[in-house]
């Protein structure tokens, strides 16, 4: 059984491999063949995830700000940019690990607010606002 820190490292490496390097063959080694996808934005299974990423521009990038692990679960707080949408997506992703593979996923996504859109006056990700759209 992997430690929470090993699971954290696994998920961060998997996200970097798929979203930043677009290495689909390597990504298949990280995601379970029986992957369960709970996201409302992604089709079922590992194929649904890989097909979505293939359909996005080559400018897609993922960066994380926070990665927490407890038992077989890892929660990432990060940002997806270069998706072709006017705003970046800030995401909370929860991943369950089983047998050393990403086995199940949930997410909450929100468009990143500019300074003008932020009621709190604080950025949603990092310490700077994105440029106004």
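Scanning the range 1-15 for residues that are closer than 19 Å to residue 91 by Cα and without any contact (Cβ under 8 Å) to a residue 12 or more places away in the chain yields a single hit, 9. Of the residues making up the range 84-105, those that are closer than 19 Å to residue 21 by Cβ and modelled with pLDDT under 95 number 1.
Within the range 53-81, restricting attention to residues that are surrounded by fewer than 15 Cβ atoms within 10 Å (Cβ to Cβ) and out of contact with any helix residue (DSSP H, G or I) (no Cβ under 9 Å at 6 or more places or on another chain), which residue is nearest to residue 33 (Cα to Cα)? Among residues in the range 53-81 that are surrounded by fewer than 15 Cβ atoms within 10 Å (Cβ to Cβ) and out of contact with any helix residue (DSSP H, G or I) (no Cβ under 9 Å at 6 or more places or on another chain), the one nearest to residue 33 (Cα to Cα) is 55. Picking from residues in the range 82-105 that are out of contact with any strand residue (DSSP E or B) (no Cβ under 7 Å at 6 or more places or on another chain) and in contact (Cβ under 8 Å) with a residue 60 or more places away in the chain, the one that is surrounded by the most Cβ atoms within 10 Å (Cβ to Cβ) is 100. Just one of the numbered conditions (1) more than 15 Å from residue 105 (Cβ to Cβ); (2) over 13 Å from the mean Cα position of the chain (by Cα) is not true of residue 60: (2). Could you identify the single residue in 76, 18, 50 that is farther than 30 Å from residue 128 by Cα, in contact (Cβ under 8 Å) with a residue 12 or more places away in the chain, under 13 Å from the mean Cα position of the chain (by Cα) and not in a loop (DSSP other than H, G, I, E, B)? The unique qualifying residue is 50. Consider the range 24-46 and keep the residues that are free of Cβ contacts under 8 Å to residues at least 12 places away in the same chain and out of contact with any strand residue (DSSP E or B) (no Cβ under 9 Å at 6 or more places or on another chain). The one that is surrounded by the fewest Cβ atoms within 10 Å (Cβ to Cβ) is 25.
A Cβ distance below 6 Å, combined with a sequence gap of six or more or placement on separate chains, defines the contacts here; from the range 106-119, residues that are at pLDDT 95 or above reach residues that are surrounded by 13 or more Cβ atoms within 10 Å (Cβ to Cβ) and part of a strand (DSSP E or B) in the pairs 106/94; 107/91; 107/93; 108/92; 109/89; 109/91; 110/90; 112/90.
The values are calculated or read from the model by the stated rules, or taken from the named source; none is laboratory data. Values in this document were obtained by computation on a predicted structure and should not be read as measured data. All Cβ positions, even for glycine, are placed from backbone atoms using ideal geometry, and neighbour counts span all protein chains on display.
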